[in-house]
Amino acid sequence: MPPQRLIALVDANNFYVSCERVFRPDLIGKPVAVLSNGDGCIVARSAEVKKLGIKMGVPLFQIQQLVNQHQIKLFSSNYTLYADMSARFMSTLEEFSPNLEVYSIDEGFLDLTGVYQCSKDPIAYGQRIRKAVVRTTGIPVCVGMGPTKTLAKLANFAAKKWQKTEGVLDLSDPVRREKLMRIVPVGEVWGIGSRTTAKLNQLGINTVWDLATQPSKRIQAQFNVVVARTVMELNGISCLELEEIAPDKKQIVCSRSFSRRLTEYGELAQAMAEFCSRAAEKLRRQQSVAGCITIFIRTSPFNPQEPQYQRSASIKLDAATQDTRTIIAMANHMLKQIFRPGYNYQKCGVQLSHIQPETMPGQSNLFGFADTHLSMENRPLMKTVDQINRRFPKAISLAATGFDKSWKPKAGRISQRYTTDWRELLNVKI
């Protein structure tokens, strides 16, 4: 008889904040928050900040009084540091299972089915994982276990919420599972959003147990197959496999708020070209081409006293591409159409969609050439540029991005790149 399936979700606690605290242990137990690009909004909060009622995504200027009153330590987003710490975190998880799905920068699913040491005592094995991550990275984590990914997610939620679990919970036991489900709101289930939660509540489905005891066919008829699968997962029937290879992105978005308002077309065009370059790099990194480009520009929604304006435009390409020059040219063409003088622009961005693998045969265009053939000539050039920029960051850029980068969002509170730059290594005084 094959062993019962056991999936674990290992999730870092307040990941961005924890990364900062690794190198600033004096901040442990004190309120800490991490800001978005441009230091505009709260994107990560310590437990102490959450207790103050500060919500995720709130603009900094709206809570400045609370920041001053409680001496909240603020950091600019240090994505270089966070990405490297995430890689170390995932590398540690690989030591505990042959199958790992990197779900996000701070979460990973492990298939522990048949792992001998885990089968003897799953809770003890979960504690071993926690201690190993702290030892190798300094980041605290919680471990949720169950026969399905959805139950592992639910177990992880409970492990974080209730201290009695000591950071590890296994929901393989149906009795323990039911006890937890009866007290957890249905909105805490993985994949159940606010709209679905509201509709479920209208039907009298308020707890996880209420949802788990529904016939899956009835739920599929009233909602969709995704929610029906969630019901089956809550009952220990696995419907979601681990994805050991991360799927390619179906959309790639690159956008930023500016450090100052832009009023001239030329400055806005340079910013748009910069975002197109970054998006194209991501597209080539996953060896894909895009068939549709969308751009947008807007003024600040937080300043209603100023004239408001926002517009977007899309264009479907005859030939799917990954060439930065083509993407910038198309974006520039659309920007000329939607730009209006007399406004203080606060943000712009680009989205690449209709993404497909670069090896997929393309449709023939008006001249009878396949889409992929049109872009093949430019791929060696783009590949060479990417290789140089990986070795020497930002060594090569297109002229369209300009030389004046004063519009770029400021990161006035950024910490050091402790793990990736020799010049910014932590100094230890003895």
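Taking the stretch 122-142 as the range and being of a type in the set (A, V, I, L, M, F, W, C) and in contact with a Lys or Arg (Cβ under 6 Å, 6 or more places away or on another chain) as the test, the residues that pass are V141, C142. Quick check on my filter: what residues within the stretch 144-183 are open to solvent by 10 Å² or more (accessible area, probe 1.4 Å), over 19 Å from D111 (Cα atoms), in contact with a helix residue (DSSP H, G or I) (Cβ under 8 Å, 6 or more places away or on another chain) and part of a helix (DSSP H, G or I)? T165, R177, E178, L180 - these are the residues of the stretch 144-183 that are open to solvent by 10 Å² or more (accessible area, probe 1.4 Å), over 19 Å from D111 (Cα atoms), in contact with a helix residue (DSSP H, G or I) (Cβ under 8 Å, 6 or more places away or on another chain) and part of a helix (DSSP H, G or I).
For the stretch 69-82, the count of residues that are among the hydroxyl-bearing types (S, T, Y) and under 30 Å from C118 (Cα atoms) is at least one.
Contact map, the stretch 383-402: first residue on the phi > 0 side of the Ramachandran plot, second residue open to solvent by less than 70 Å² (accessible area, probe 1.4 Å), Cβ cut-off under 7 Å, separation 6 or more or different chains; pairs are G402/Q270. Selection within the stretch 406-430: residues that are among the basic types (K, R) and in contact (Cβ under 8 Å) with a residue 12 or more places away in the chain. The member of this set that is nearest to T80 (Cα to Cα) is R417.
Collect the residues in the stretch 258-283 that are over 18 Å from the mean Cα position of the chain (by Cα) and either modelled with pLDDT under 90 or of a type in the set (K, R) (or both), keeping them in residue-number order. F258, S259, R260, R261, listed by residue number.
If we only count strands (runs of 3 or more DSSP E) wholly inside the stretch 41-104, which ones have 2 or more residues that are closer than 24 Å to F302 by Cβ? Outline the logic, then answer.
Details: elements: 42-45, 73-76, 100-104.
Because the criterion is at least 2 residues that are closer than 24 Å to F302 by Cβ, the strands (runs of 3 or more DSSP E) in the stretch 41-104 that meet it are 42-45, 73-76.
A quick yes/no check of all residues on (1) modelled with pLDDT of 95 or more; (2) within 27 Å of L112 (Cα to Cα); (3) loosely packed, with under 15 Cβ neighbours inside 10 Å:
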site: P2; (1), (2), (3): no, yes, yes
site: S18; (1), (2), (3): yes, yes, no
site: P25; (1), (2), (3): no, no, yes
site: G38; (1), (2), (3): no, no, no
site: C41; (1), (2), (3): no, no, no
site: G53; (1), (2), (3): no, no, yes
site: I63; (1), (2), (3): no, no, no
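The set of residues from the stretch 25-54 being touching a strand residue (DSSP E or B) at 6+ places or on another chain (Cβ under 8 Å), farther than 27 Å from F109 by Cα and of a type in the set (D, E, K, R) comprises K30, D39, E48. When the stretch 278-313 is limited to residues that are closer than 15 Å to Q356 by Cβ and part of a loop (DSSP other than H, G, I, E, B), the one that is most open to solvent (accessible area, probe 1.4 Å) turns out to be Q287.
Listed by first and then second residue, the pairs with beta-carbon distance under 6 Å, at least 6 apart or on different chains, first residue in the stretch 314-327 and open to solvent by 20 Å² or more (accessible area, probe 1.4 Å), second part of a strand (DSSP E or B), are S314/T294; I315/I293; K316/C292; L317/G291.
The values are calculated or read from the model by the stated rules, or taken from the named source; none is laboratory data. Predicted model only: the values in this text are computed from it and were never measured. Virtual Cβ from ideal backbone geometry, glycine too; neighbours counted across all protein chains shown. Just so you know, the surface numbers come from the protein's heavy atoms only, side chains and all, with ligands and any DNA or RNA stripped out. Shrake-Rupley method; radii C 1.70, N 1.55, O 1.52, S 1.80 Å.
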